[in-house]
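In what follows, a single structure is set out as C-alpha cells and then discussed.
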Amino acid sequence: MSRRPERRVAALSGDEGSAVAEYTMTMALIVGVFLVVCQFAYATHVRSTLTMAAAESARYGARVDAGPGVAQERARDLVSDSLSPRYAGSISAHRSSAEGLDVIRVDIDAPVPVLGPFGVGLTLHTSGRAIVEERSA
C-alpha cells in the first residue's frame, strides 16, 4: 500500500506533456521573429519606393520646360500609384543650389509603415536632386 504514493510522485516529476508546451513556446517565438522580419522588409520596400519617386520626380522637374511644381505633382502621382495616397501627404519641391549648380530638390516625408495595430510614430525622410537643364543660346 505504500507504493501508491510513490507512483504518484514519479508520475508528476516526469517529462510527459512537456512537448506540447515546448512546441507552443517555440512557435510563438518563430511567429514573432517572422513578423519582425516582415515588418522590416515592408518598411525597407516603402523607403526604397519613396527614394525612387523623389529621384524620378526631381529629374522630371529639372527638364527645360518644367519646374518645382511639376516635380512635386509628379512625386505625388508616383507615390500614390506605387504605394498609397497616405504616403503622399508631405511632399515638397524647390529650386536650390548644390556646388554652384542649380538643382531641383524633392523631399518626401512619410510615416513608417507598420503591420498590425501597433504604430511607432516614426517618419521616413527621403529626397532626390537633379541638375536643372538650361536652354543653350
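The values are calculated or read from the model by the stated rules, or taken from the named source; none is laboratory data. Keep in mind that what you see is a predicted model, and the values were worked out from it rather than measured. A quick note on method: Cβ atoms are made from the backbone with ideal geometry, for glycine too, and the neighbour counts reach across all protein chains shown.
Worth pointing out:
- Some residue of segment 86-93 being closer than 29 Å to G32 by Cβ, touching a residue at least 24 places away in the same chain (Cβ under 8 Å), surrounded by 12 or more Cβ atoms within 10 Å (Cβ to Cβ) and touching a helix residue (DSSP H, G or I) at 6+ places or on another chain (Cβ under 7 Å): yes
- Condition met for E134 (surrounded by fewer than 13 Cβ atoms within 10 Å (Cβ to Cβ) and either in contact with a strand residue (DSSP E or B) (Cβ under 7 Å, 6 or more places away or on another chain) or on the phi < 0 side of the Ramachandran plot (or both)): yes
- Looking across segment 29-80, just one residue is buried (at least 20 other Cβ atoms within 10 Å of the Cβ) and either on the phi > 0 side of the Ramachandran plot or not in a helix (DSSP H, G or I) (or both), and that is A62.
- The combined condition, being surrounded by fewer than 10 Cβ atoms within 10 Å (Cβ to Cβ), at positive phi, of a type outside the set (V, I, T) and under 19 Å from the mean Cα position of the chain (by Cα), is fulfilled by G121.
- Among the residues listed as A110, A130, the single one being of a type in the set (A, V, I, L, M) and either over 16 Å from the mean Cα position of the chain (by Cα) or assigned to a loop (DSSP other than H, G, I, E, B) (or both): A130
- Residue check, T26 among the polar types (S, T, N, Q), modelled with pLDDT of 90 or more, surrounded by fewer than 17 Cβ atoms within 10 Å (Cβ to Cβ) and out of contact with any strand residue (DSSP E or B) (no Cβ under 8 Å at 6 or more places or on another chain): yes
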